[in-house]
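Questions regarding the structure given below will be posed in turn.
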Amino acid sequence: MTETLIKNADTILTMDDTRRELSGADILIRDGQVAQIGHGLQTIGEIQDASGCVVTPGLVNTHHHLYQTLTRAVPGGQDALLFGWLQTLYPIWSRFGPEEMFISAQIGLAELALSGCTLSSDHLYLYPNGARLDDTIAAAAEIGLRFHPTRGAMSIGESDGGLPPDTLVEDEGAILDDMIRVVDAFHDPAEGAMCRVGLAPCSPFSVSRDLMRDTALLARDKGVMLHTHLAENDEDIAYSQAQFGCRPGQYAEDLGWTGSDVWHAHCVKLDGAEIDLFARTQTGVAHCPCSNCRLGSGIAPVRAMRDQGVKVGLGADGSASNDNGNLVFEARQAMLLQRVAYGADAMSSREALEIATRGGADVLNRPDCGRLQPGKRADIAIWDTRCIESAGSWDPAALLLAGPMRVKHLFVEGRQIVRDGQVTTLDMPPVIERQTQLARALQS
Ligand SMILES: Nc1nc2[nH]c(O)nc2c(=O)[nH]1
């Protein structure tokens, strides 16, 4: 039996069913789970002092492309809309191989951990030069984050009316075979799982309708989740209308891509009927506010989604379109954007934090994560509110209204991944050095 006691937190925001908040309180972790929350708890194990800190559930990232940490701020893509941005980057990504996938994932996951994230999904949709989903899974296992990798895919190249170059697309039979391989090798359906695999053809403009349909059948056969990009911007809607004669919601529904086992990234352009469809079918949304700003895609109607009962989580999105991978910053941006669109009371700090924690966990069908209560996984972020950004604040809402934007301590499954602002499981300087070398090589 292993125990850790988080002692004397200024505030614990539990995000449990009653959204309980405790002052001057403790959390006892036992064998990877929250054992008790209360006052004056004792342990025979390690003690982590949390005085001066706000404690929250670990944040949950529902959409990322970790490989893109190697292509931040690429000049030709800095000021482009989605399609032009992708066309600039595809040729660079086609030079990646296994090492690029592994190192870029280590960087992206470490960056997420430092921003309070304990559970991340990833959407890897290109596999050049022998790259495999296994590369990112190895990176996540080493750093110790809970990981939901998705086996993405592109199958319709330029010559067939798709957006990606023909050299970057895969044969659909080979895609389905590899999907089966990675699910059988890595997917763990058990409560407390550290790795769950999803299936994720990339986007309507890079895969066929047949692949979408076959993937949905396969996912249901295997009992895994489905993920893709949907309704990201006006170009995306225009492509759907021109190629399929319908809006994205209809496209998704026709192909079996609605339901509680499906979540779609972006959804900036969902209309009222599509929001209703998602609510009725319990289809989830990964909201990516920074990327949507960066690519000029628009402001997703998150207020309407939440009011209608759509499951919404946050996504950092890939670091070629963010270009930052800071999830607490993403929560702040989500709050601010809804206020820009709908007024100062459109989203509170606490609601944005709820979306970032239990909201994301619900999107990923992880009721065992994203909230702090006995029996749930011990995925815990500890934020030092004595830092300069938060000094003088009156309320834990300051976490998103002020800061800090980096975590002090982070626990995943009860294991300390960040201590005093440093990743404990990786020696970061050599990883950063190798990432820099790889990025330089891609520039030559
Ligand atoms: N934000 C992003 N949208 C996308 N659509 C697509 O097909 N790929 C991407 C991507 O990498 N980022």
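Checking the condition polar (S, T, N, Q) and either over 22 Å from residue 286 (Cβ atoms) or in contact with a Cys (Cβ under 7 Å, 6 or more places away or on another chain) (or both), which residue from 68, 78 passes?
None of the others qualify; the one that does is 78.
A further question on this structure: Kindly check whether there is at least one residue in region 87-99 that is at pLDDT 95 or above, closer than 23 Å to residue 327 by Cα and touching a Leu at 6+ places or on another chain (Cβ under 6 Å).
no
Of the conditions (1) touching a Ser or Thr at 6+ places or on another chain (Cβ under 8 Å); (2) surrounded by fewer than 22 Cβ atoms within 10 Å (Cβ to Cβ); (3) touching a residue at least 60 places away in the same chain (Cβ under 8 Å), residue 323 clears all except one; give me its number.
Among (1) touching a Ser or Thr at 6+ places or on another chain (Cβ under 8 Å); (2) surrounded by fewer than 22 Cβ atoms within 10 Å (Cβ to Cβ); (3) touching a residue at least 60 places away in the same chain (Cβ under 8 Å), residue 323 violates only (1).
For region 338-361, check the following and say yes or no: at least one residue is in contact with a helix residue (DSSP H, G or I) (Cβ under 9 Å, 6 or more places away or on another chain) and within 16 Å of the ligand (Cβ to nearest atom).
no
Does region 70-90 contain at least one residue that is more than 16 Å from the ligand (Cβ to nearest atom), out of contact with any strand residue (DSSP E or B) (no Cβ under 8 Å at 6 or more places or on another chain) and part of a helix (DSSP H, G or I)?
yes
So, in region 281-313, exactly how many residues are aliphatic (A, V, I, L, M), within 16 Å of the ligand (Cβ to nearest atom) and either free of Cβ contacts under 8 Å to residues at least 12 places away in the same chain or surrounded by fewer than 21 Cβ atoms within 10 Å (Cβ to Cβ) (or both)?
1
Look through 28, 81, 66 and report the one residue that is buried (at least 18 other Cβ atoms within 10 Å of the Cβ), at pLDDT 95 or above and over 26 Å from residue 400 (Cβ atoms).
28
Still on this model: Just to be sure before I move on: is residue 195 away from the ligand (no atom under 16 Å from the Cβ) and touching a strand residue (DSSP E or B) at 6+ places or on another chain (Cβ under 6 Å) in the structure I sent?
When the stated conditions are applied, residue 195 passes them.
If a residue must be closer than 12 Å to residue 54 by Cβ and either in contact with a Cys (Cβ under 7 Å, 6 or more places away or on another chain) or not acidic (Asp, Glu) (or both), how many such residues does region 385-400 contain? Reasoning before the result, please.
Here is the first cut: in region 385-400, the residues closer than 12 Å to residue 54 by Cβ are 385-387, 390, 393, 395-400.
Then keep just the ones that are either in contact with a Cys (Cβ under 7 Å, 6 or more places away or on another chain) or not acidic (Asp, Glu) (or both); that gives 385-387, 390, 393, 396-400.
Qualifying residue count, region 385-400: 10.
Return yes when residue 112 is touching a residue at least 60 places away in the same chain (Cβ under 8 Å), in contact with a Ser or Thr (Cβ under 7 Å, 6 or more places away or on another chain) and away from the ligand (no atom under 16 Å from the Cβ) and no when it is not.
In short, yes.
Now a separate question. Go through region 144-183 residue by residue and tally those that are assigned to a loop (DSSP other than H, G, I, E, B), in contact with a strand residue (DSSP E or B) (Cβ under 7 Å, 6 or more places away or on another chain) and away from the ligand (no atom under 16 Å from the Cβ).
Residues that pass the stated criteria total 2.
Yes/no matrix, rows are residues, columns are (1) of a type in the set (D, E, K, R); (2) crowded, with 24+ Cβ neighbours inside 10 Å:
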| position | (1), (2) |
| --- | --- |
| 159 | no, no |
| 170 | yes, no |
| 179 | no, yes |
| 182 | no, no |
| 197 | no, yes |
| 215 | no, yes |
| 226 | no, yes |
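With respect to residue 141, is the statement that it is farther than 30 Å from residue 26 by Cα and not in a strand (DSSP E or B) true?
no
Would you be able to tell me the number of residues in region 267-280 that are farther than 12 Å from residue 301 by Cα and buried (at least 24 other Cβ atoms within 10 Å of the Cβ)?
Qualifying residue count, region 267-280: 1.
Residues of region 120-138 being within 14 Å of the ligand (Cβ to nearest atom) and not in a loop (DSSP other than H, G, I, E, B), which ones?
Answer for region 120-138, where residues must be within 14 Å of the ligand (Cβ to nearest atom) and not in a loop (DSSP other than H, G, I, E, B): 121, 122, 123, 124.
Please go through region 15-30 and pick out each residue that is under 18 Å from residue 398 (Cβ atoms) and among the polar types (S, T, N, Q).
Of everything in region 15-30, just one residue is under 18 Å from residue 398 (Cβ atoms) and among the polar types (S, T, N, Q), namely 23.
Residue check: is residue 380 among the β-branched types (Val, Ile, Thr) and within 16 Å of the ligand (Cβ to nearest atom)?
The answer is no for residue 380.
The values are calculated or read from the model by the stated rules, or taken from the named source; none is laboratory data. Just so we're clear, the structure is a prediction, and the values are computed from it rather than from any experiment. Heads up, the Cβs are rebuilt from the backbone with ideal geometry, glycines too, and the neighbour counts pull from every protein chain shown.
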